[in-house]
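Trainee: Here you go, one structure.
The values are calculated or read from the model by the stated rules, or taken from the named source; none is laboratory data. This is a predicted model, so every value here is computed, not measured. Glycine gets a Cβ as well: all are built from the backbone with ideal geometry, and neighbour counts include every protein chain shown.
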Amino acid sequence: MSKLPLSEHEQHLLDQMEQALYDEDPKFASHMVGDPSRQRTRRRMIIGGLVLVVGLGLVVLGVVSQQIWLGGIGFAVMVAGGGYAVTPGHKRTLGSVGDDGQVTLHQEQSKPKKRSSSGTFMERIEQRWDRRRGQDGW
């Protein structure tokens, strides 16, 4: 089946319908736009599933040929395939959809955890206690 290009009039009508959809329901319209992370997730699941099936085949082959080491390798391949399929491929960026339908991405800000170099846990608690006592006028 070959794809025919749209005429100018059909393209204009399609653009008008798309704009009307964005105006009427911006959240739905932004959700309908193709998300490449979904495609990557689907591809990871397919590849992981195929590796899992290959591992299962190795396990069966190991059992049939009575070679335990081959079954063990097959099991390891199965676990690796399943793990690959269910783990996320990359860090996801969170975003929010505005009233106008525009998606604003939020960068995940990782703040380094500061460790206080002013002593042990108990010493820090005592310092806080002393500060509070000083503020309260004790």
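Trainee: If you scan the range 25-51, which residues turn out to be surrounded by 12 or more Cβ atoms within 10 Å (Cβ to Cβ) and modelled with pLDDT of 85 or more?
Mentor: Arg44, Met45, Ile47, Gly48, Gly49, Leu50, Val51
Trainee: Could you grab me the full set of residues in the range 79-92 that are among the hydroxyl-bearing types (Ser, Thr, Tyr) and outside any helix (DSSP H, G or I)?
Mentor: Looking only at the range 79-92, we keep the residues that are among the hydroxyl-bearing types (Ser, Thr, Tyr), and these are 84, 87.
Hit for the range 79-92 is Thr87, nothing else.
Trainee: Next question. Counting only residues that are of a type in the set (A, V, I, L, M, F, W, C) and not in a strand (DSSP E or B), which one in the range 101-138 is modelled with the lowest pLDDT?
Mentor: Among them, the one singled out is Trp138.
Trainee: Tell me, which residue of the range 74-96 that is crowded, with 16+ Cβ neighbours inside 10 Å and not hydroxyl-bearing (Ser, Thr, Tyr) is nearest to Lys27 (Cα to Cα)?
Mentor: Once the filter is applied, the top-ranked residue is Ala85.
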